[in-house]
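Novice: For reference, the structure I am asking about is given below.
The values are calculated or read from the model by the stated rules, or taken from the named source; none is laboratory data. These figures come from a predicted structure and were not determined experimentally. Virtual Cβ from ideal backbone geometry, glycine too; neighbours counted across all protein chains shown. Surface accessibility is based on the protein's heavy atoms, side chains included, excluding ligands, DNA and RNA. Shrake-Rupley method; radii C 1.70, N 1.55, O 1.52, S 1.80 Å.
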Amino acid sequence: MQTIRGFRDILPEHIGLWQKVEQEAAALFTAFGYREIRIPVIEKTQLFARSIGEATDIVEKEMYTFEDRKGDKLTLRPEATASISRSYIQHKMYAVDPVRKFFMIGPMFRRERPQKGRYRQFYQIDAEVFGVESAYIDSELIFLLNELFKRLGLTGLTAHINSLGCPECRPAFQKALMDFLGDRKEVLCDNCTRRMKKNPLRILDCKVETCRQALEGAPATVDHLCPACEDHFNIVRSTLENQNVDFSVDKSLVRGLDYYTRTAWEIQTSALGAQSAVAGGGRYDGLVKELGGPQTPAIGFAIGFDRLVEVMDQLGKAPKEEPLDLFILPLGEGAMEKAYAWSCELNLLGITTQTDFRGRSMKSLMKRADKLNARYVLIAGESELAEKKLILRDMNTKDQVNIAMDCLADELKTIFKKNNKG
Ligand code: ATP
Ligand code: MG
């Protein structure tokens, strides 16, 4: 049996980086008042169709949608924003305190062509803020991304930011876009022809070469902002500049989801070929209302966890596996019982200890100690047990000392404290 295409195991030998990122992210977000939220992996299809938008790649062709036994249409979540917004509304969080900051880490599902940095089950680290319209929160989110990447030792990332405007400035922009396109409309792909009716902004995101050519020199949203959006975007930029966060304004950035308004951004890398986006985010001031809640400004981002880990791997940021402190080498049945009890006791004391219950020979157990990269080996043979004196062997220096069996834990604590442990 094999995993299905685009799905993969993350094996224990690779988990170090994942855990390191999770710990750094949780610590940073928590320090800034973001609280963890866990949401279901499956939701009603309608939730995603309505929020992400019918005319988007995700909803049109990437969602894992199925009917359950009763015929309800369900979908494996392709992203987190829709579900977190649903949760915010469902639990009437706005009634108690409209200002909420969340983070979540977990798997997402999209049926895309698998390749490096693109999987059908992938992971996102997500942060969302509800109830704050101020541009300072846009800056905070971009600042947090920048800070997290800095703490993880990531280099070579660039932040591209843009403003998509609001319902106030959209119509004028859409008119400008339509005027610009003129008879070039004919050459647009079928998708774009459909998008033209549903969400013309999305045409700017088309990857088809003929569309790209037709759109060269097209009007940009930032050049058609209403005064309120213009002010908002100015504050985002000046705040980031004051905080020394590197970014560039990218007029062509639109992002592939319908719900975005005002600030949108992407963090890009050159390390992963075509899969250049490591994180993406944006404002979605209309979504909570659209989903049946009160008018609530909101904003968030998602980091592509798999891609982040791949970049870190390339930069050699994988944490070294800690060596094992102690391997207990039991020779004989009576020794095994002791070895089991000691290993439990020592592990609880923080001295990482393993042993072996397969009744192997001295030679094969020494090999196993080597394989486990043990710093010390404790030899517990029949004569050692009879004399209540065990042999502790330093695997680096090959020095051996005797240890009184009755004060084993204390003796080892002293030894490991000397070695900066315990
Ligand atoms: P792309 O343009 O690469 O398809 P996207 O715009 O569809 O990305 P978002 O919906 O913004 O992606 O999701 C945020 C982040 O999640 C992306 O920047 C990316 O790092 C990651 N991501 C998206 N799809 C995948 C996938 N299939 N496999 C791995 N990571 C992904
Ligand atoms: Mg995509």
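Novice: Across the stretch 324-415, how many lysine pairs separated by 8 or more positions, or lying on different chains, have Cα atoms within less than 19 Å?
Specialist: 10
Novice: Okay, next question. Find which of Ala380, Thr296, Ile105 sits farthest along the positive direction of the dipole of the chain, computed with +1 on the beta-carbon of Lys and Arg, -1 on that of Asp and Glu, about the Cα centre.
Specialist: Result: Ala380.
Novice: Okay, moving on. When the Karplus curve 6.51 cos²θ - 1.76 cosθ + 1.60 is applied with θ = phi - 60°, which whole-Hz ³J(HN,Hα) does each residue of the stretch 105-114 get, with x for Gly and Pro?
Specialist: My calculation for the stretch 105-114 gives 10, x, x, 10, 9, 9, 8, 10, 6, x Hz in order.
Novice: While we're here: If you average the C-alpha positions of the stretch 147-207 and of the stretch 286-306 separately, how far apart do those two centres end up, in angstrom?
Specialist: Centre-to-centre (Cα) distance: 18 Å.
Novice: Under a 1.4 Å probe, what is the accessible area of the stretch 285-395 per residue, stated in Å²?
Specialist: 50
Novice: Which pairs, out of Lys175/Lys251; Lys150/Lys320; Lys92/Lys289; Lys175/Lys198; Lys207/Lys289; Lys61/Lys116, put more than 24 Å between their alpha-carbon atoms?
Specialist: Lys207/Lys289
Novice: Under a GNM of the chain (C-alpha, springs under 10 Å), which listed residue has the highest mean-square fluctuation: Leu253, Leu412, Leu291?
Specialist: Looking only at Leu253, Leu412, Leu291, the largest GNM fluctuation is found for Leu412.
Novice: Taking every DSSP beta bridge that has both residues in the chain, what percent is antiparallel when rounded to the nearest 5?
Specialist: Approximately 80 percent, going by the DSSP bridge assignments.
Novice: Between Tyr136 and Gln23, 0.36 nm times their residue separation minus their Cα-Cα distance comes to what?
Specialist: Additional length available on full extension: 38.1 nm.
Novice: Which Cys residues of the chain have no other Cys Cβ less than 4.7 Å away and so no disulfide-compatible partner by this rule?
Specialist: For the chain, the answer is Cys166, Cys189, Cys192, Cys229, Cys344, Cys407, because their Cβ atoms have no other cysteine Cβ under 4.7 Å.
Novice: Applying a 10 Å radius around every beta-carbon, put 91-100, 160-169 in order of their mean neighbour count, most first.
Specialist: 160-169, 91-100
Novice: Could you tell me the center-to-center distance, by alpha carbons, between the stretch 386-403 and the stretch 219-235 in angstrom?
Specialist: 73
Novice: Shifting gears a bit: Take Ala341 and Asp223, extend 7 Å from each Cα along the Cα→Cβ direction, and tell me the distance between the two endpoints in nm.
Specialist: Rounded to a tenth, the inter-label distance reads 8.2 nm.
Novice: For Asp250, Asp126, Asp223, what's the largest-to-smallest order of accessible area, 1.4 Å probe?
Specialist: Output order, biggest surface exposure first: Asp223, Asp250, Asp126.
Novice: If the elastic network links every pair of Cα atoms under 10 Å, which of Glu384, Glu67, Glu209 fluctuates the most in the Gaussian network model of the chain?
Specialist: Of the options given, Glu384 has the highest mean-square fluctuation.
Novice: Turning to a different aspect of this structure: Which shape class applies to the stretch 1-60: rounded if a/c is under 1.5, otherwise prolate when a/b exceeds b/c and oblate if not, where a ≥ b ≥ c are the square roots of the Cα gyration tensor eigenvalues?
Specialist: It comes out oblate by the Cα gyration axes.
Novice: Using a probe of 1.4 angstrom, how much of the accessible area of the stretch 251-296 is carbon and sulfur, in percent?
Specialist: Its accessible area is 47 percent carbon and sulfur atoms.
Novice: Here is a further query. Would you work out the charge dipole size for the chain about its Cα centre, treating the Cβ of every Lys and Arg as +1 and the Cβ of every Asp and Glu as -1, and quote it to the nearest 20 debye?
Specialist: Dipole magnitude for the chain comes out near 820 debye.
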